[in-house]
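Below is one structure, written out as structure tokens, with a few remarks after it.
The values are calculated or read from the model by the stated rules, or taken from the named source; none is laboratory data. Owing to the predicted nature of the structure, the values given are computational and were not obtained by experimental measurement. Every residue, glycine as well, gets a Cβ built from its backbone with ideal geometry; the counts of neighbours run over all protein chains shown. Keep in mind that these areas ignore ligands, DNA and RNA; they rest on the heavy atoms of the full protein, side chains included. Shrake-Rupley method; radii C 1.70, N 1.55, O 1.52, S 1.80 Å.
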Amino acid sequence: MPPTDASANAGTVPAPISDIGIATSPGTRESSIDTAVGEGADSEDTLDLRLPDEFVALFGDGPDAVGERSLRGLGTVAPSSLLPMADDLLDCVADWGPISTPAGALHLAPVRVGRDLPIICQWMNDPAVAAFWGLGGPQAAAEEHLWSQLSGDGRSVPCLGMLEGTPMSYWEIYRADLDPLARHYPARPHDTGLHLLIGAVGDRGRGLGGTLLRAVADLVLDRRPACARVVAEPDIRNTPSVAAFLRAGFRFSAEIELPAKRAALMVRDRRLRYLL
């Protein structure tokens, strides 16, 4: 499970406190290959599979070979290197671009561990955030969490929220229908989940969480035509976070029992986006 949540006005699965976030960990990565067999095919048929050239290039000895990134505790090359972020399962979050909000221009920039780890680790060590996300302490804890997001098949994309060019929040955009969360509610294809952590203390407790959540939820609906709902699951005890989602046009759908917490299932429906 993801961190426990730090309340959206305070901290996919965590819900941060007073704008700190919304999050629920992305879950185990499962993949499958569907094959179609044409009419007249028999058991002797075989599939002629060819690996994409870009994938094969990752194993070369030249400058494009996979980098030597080691996952803490695993001692292996970080699988995230095998999947360009542009090939995520969320319609290319990296290409979504900046959006206008009442608080200024917000840009979701996919995380680069080497560049963004220090500030994310700093935010995770804020007591109000750590209480829900559980990623305080040594930098290695936050680093391992980031790599867990990046090392899958593209179903979760961690991002740094840049408001008017200044990093001030951490987001996880993920496929809720492909996440362990889907086992706990009636998921629909392409349901998209949000986790949010507002970094600076000065940005919390003044309604910014609700403003940004509404803007990003609408961005998801605009950029992902197949997605009919944006969901989140803040800790039911995290009143500021739940309130931020309500201000953002989400509705309270149900209380659900997750491995790490009892959560409020919050849903923003495409068909109701202009009514709530």
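With Cα atoms defining each centre, region 211-276 and region 89-123 are spaced 19 Å apart in the structure.
Coupling constants for region 190-203 follow from the phi torsions by the Karplus curve (6.51 cos²θ - 1.76 cosθ + 1.60, θ = phi - 60°), and in residue order they are 6, 3, 10, x, 10, 10, 9, 9, 8, x, 6, 4, x, 8 Hz; glycine and proline get x. When nucleic acids and ligands are ignored and a 1.4 Å probe is applied, residue 145 ends up with an accessible area of around 20 Å².
In terms of its C-alpha gyration tensor, region 135-276 comes out rounded, because the ratio a/c of the largest to the smallest axis stays below 1.5. Across 252, 132, 245, the residue with the most accessible area heads the list, and the full order at a 1.4 Å probe is 252, 132, 245.
The distance between label points at residue 183 and residue 94 comes to 3.1 nm (points 7 Å beyond Cα on the Cα→Cβ vector).
Using the Cβ-Cβ distance between residue 103 and residue 253 with R0 = 35 Å, the FRET efficiency computed as 1/(1 + (r/R0)^6) comes to roughly 0.85.
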